[in-house]
Every structure is written in structure tokens, then in C-alpha cells.
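The next block holds one structure in the form of C-alpha cells; read it before the comments.
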């Protein structure tokens, strides 16, 4: 059974929480009731303290559930459903003042949305109504990256005269006087109008497939950087001594297996030296055939490949013959490893492809002058 999770990124306005819940689940004029099973709030330490004081310590949230029994089983407490922004040392932030705080908040918002949307049994609704404008932007952007068909995004709108008041938290089922901060009565909470503005968003998660820039360990900043870089020309630097590949001077891949590394080095060197592509072998070495020319070609490729493989082969026990099977498997494994490190779009810039059709030579998809090779010699 699916769980409905409401996630709010908010600041100094606890009313946003009750207003959003009311609009989602309690508005009798709504044709699309969505009842949260859980409510999670992300804010600064100061913001969470305001929520504790104004919603929990004051009894407002308890009264809210009493006024609207449909909310009776909603899970929202200040122990497990409060999430605080922290600095890089894990210390709670009382405000977001510096560029570093801002970048850190983006990563944490992205992390929480990624967590909630990774659960198969959830439907996630994200509200961007509270907090600083950048917080709302990050929340919407993160949902665009990770959101699924069942997930949704909204902003809450409140009738103007009820926006800056001391005691308005939601439209009440009975009459309830509302006052401004000067103590003047300005209306009745029962008559207040609150609207939920649903926000359409592009669901990139389904568009760019599982192995893309949205790696589990990547921060929001890294995800955005990799997506942006995938639209630009790239550079490749290979260090043959350390078996390290550096893409665009910043993305380092140092865990390629010896044969995948040798294949990348081989194709990069041929591309750099304008030696042309390599036509894939058409047979396997164990196939009996009268095609001596193909046997000679496989031997020629094996000897050329071995020049790049020899200095690294002690790390793996593998007999090398560059026949049809070996060529296809090694090329596929290399591309998989690149995707896992760079994401689909950026890795595609390093594809070993045949652009002119079946039987045509394969070569590395990168311009020769964008390749730097530091050999072991």
C-alpha cells in the first residue's frame, strides 16, 4: 500500500505547514483530496524551533487534528519528522547566510527528495511555499530530477488579509477570530480562502534513464555540473602510469580494470595520432574457418592491444585475444564503467562508435586535439 509523504522546505512561517495540509486533505471544495500519511519538514534550527513553539507547544497541531478528524492518523512529530540544515561538519545551521550555506542547503534538499522518491511504496508531494526563494527553487529542481509519475509539487496561496496575522493557521470549521500583530481583529478564520497552486514540472528521471548523472553519492551541485557539462565539448587526459583518466580537468576515473583501461588508452592514442578507426573482428579465435586473413587480423589487433595492456595485466589473470567476443565485451564494459562514473550523457562523449554503419571502423568520439596522453615512458 502506497504511503503519501508531504515534504516541506520552510523557514519562519509554520502556518505554511497547516495551510498546505488543509488544502491537500481538508478543503471540501477540492476535487482531488490527497491525505498525507507522513509530514516531513526541512528547515534551519531557528525555523524548526519556531515550528515546535507555534504548532506543537501551543497545541495548534493537536487542535488542527481535532477540527479535522481525517488527519487523526497523520504522522508528524518533532522527533522523527524534523530535518535540519547542517554545515559540512554536521552542525545545525540557524540561518542560511553564506554562499557555502546556500550550496549546502541545495545538497540536503536534493538528498531528502532523492531519499523519499527512492522508496517504491511512496507518493511524494513537495511544497515550495516557505523559506528563502532559493530553497523553493532547489526543492522544485530536485523533484524535477528525481520525481516520478505519482509525485507532485505545489505552492500555497492565502487570502491577502490573512497573510500577516498572529493566529491564522488554517480555515477553521467553526468561527475563530483572527488578529493582526497589532492586536486588531481582521476577520474570521472560517471564511479565509486558501488555495493550493499545483506546479507542473518536467520529470527528468524517466527521460534520462537509470545510469545517468543522478548517482546516489552525487551532491546536487555535482549532478547539475555533470548535466551541464554533457552539453559541451569535452577533454580527456590519460595518465598511463597511474591508470587515471581525467575528463574536463575535473572528473577523475581511477578504477578502470586493466583491459578496459587498455582499450580506452588504445583508442585514445589512435584518435590522437590520426591513425583511423579499428574494424571489429568478424569471428572468434576458437571458430574453425578457412578465413586466414581474419585470423591474421585478430593476431595483429591482439599484438597492438597488448602494447597498451602489458604494463597493467598483472592485476588480472586474463588471456587476451582480440577477437569478436573480446572486442564487443571489452567495449561494452568500458562504456558501462564510464556511465557509472560520468552518467549517460557525459559518457556518451567518450563512446567508441561506428558512425557510418555496420562493418565500418570504430573510433573514440572525441576530437584529437582534446586528448592528452601522459605515457609511462
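Computed values, structure above
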| item | result |
| --- | --- |
| Which listed residue is under 28 Å from the mean Cα position of the chain (by Cα) and modelled with pLDDT of 95 or more, from 7, 85 | 7 |
| Pair list, Cβ < 8 Å and 6+ apart or interchain, from the stretch 285-309 residues that are buried (at least 16 other Cβ atoms within 10 Å of the Cβ) to residues that are at pLDDT below 80 | 295/289 |
| Among (1) surrounded by 14 or more Cβ atoms within 10 Å (Cβ to Cβ); (2) without any contact (Cβ under 8 Å) to a residue 60 or more places away in the chain, the one test that residue 114 misses | (2) |
| Subset of the stretch 20-48 that is surrounded by 18 or more Cβ atoms within 10 Å (Cβ to Cβ) and farther than 13 Å from residue 71 by Cβ - its residue that is nearest to the chain's Cα centre (by Cα) | 42 |
| Any hit, the stretch 303-312, residues being assigned to a loop (DSSP other than H, G, I, E, B) and out of contact with any strand residue (DSSP E or B) (no Cβ under 6 Å at 6 or more places or on another chain) | no |
| Counted residues, the stretch 56-80 - those being buried (at least 18 other Cβ atoms within 10 Å of the Cβ) and free of Cβ contacts under 8 Å to residues at least 60 places away in the same chain | 4 |
| Residue that is farthest from the chain's Cα centre (by Cα), among those in the stretch 129-146 that are closer than 23 Å to residue 228 by Cβ and buried (at least 23 other Cβ atoms within 10 Å of the Cβ) | 135 |
| Index of the failed condition, residue 77 passing every other in (1) at pLDDT 85 or above; (2) over 24 Å from residue 13 (Cβ atoms); (3) outside any helix (DSSP H, G or I) | (2) |
| Residue within the stretch 342-354 that is farther than 25 Å from residue 246 by Cβ, out of contact with any helix residue (DSSP H, G or I) (no Cβ under 6 Å at 6 or more places or on another chain), in the same structural domain as residue 253 (by TED's automatic domain parsing) and at pLDDT below 90 present | yes |
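Yes or no, residue by residue, for (1) in the same structural domain as residue 63 (by TED's automatic domain parsing); (2) on the phi < 0 side of the Ramachandran plot; (3) without any contact (Cβ under 8 Å) to a residue 24 or more places away in the chain:
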position	(1), (2), (3)
135	yes, yes, no
142	yes, yes, no
153	yes, yes, no
162	yes, yes, no
169	yes, yes, no
175	yes, yes, yes
183	yes, no, yes
192	yes, yes, no
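Residue-wise test of (1) over 20 Å from residue 53 (Cβ atoms); (2) assigned to a helix (DSSP H, G or I).
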residue: 66; (1), (2): no, yes
residue: 73; (1), (2): yes, no
residue: 116; (1), (2): yes, yes
residue: 119; (1), (2): yes, no
residue: 138; (1), (2): yes, yes
residue: 142; (1), (2): yes, yes
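The values are calculated or read from the model by the stated rules, or taken from the named source; none is laboratory data. None of the values given here were measured: they were computed from a predicted structure. All Cβ positions, even for glycine, are placed from backbone atoms using ideal geometry, and neighbour counts span all protein chains on display.
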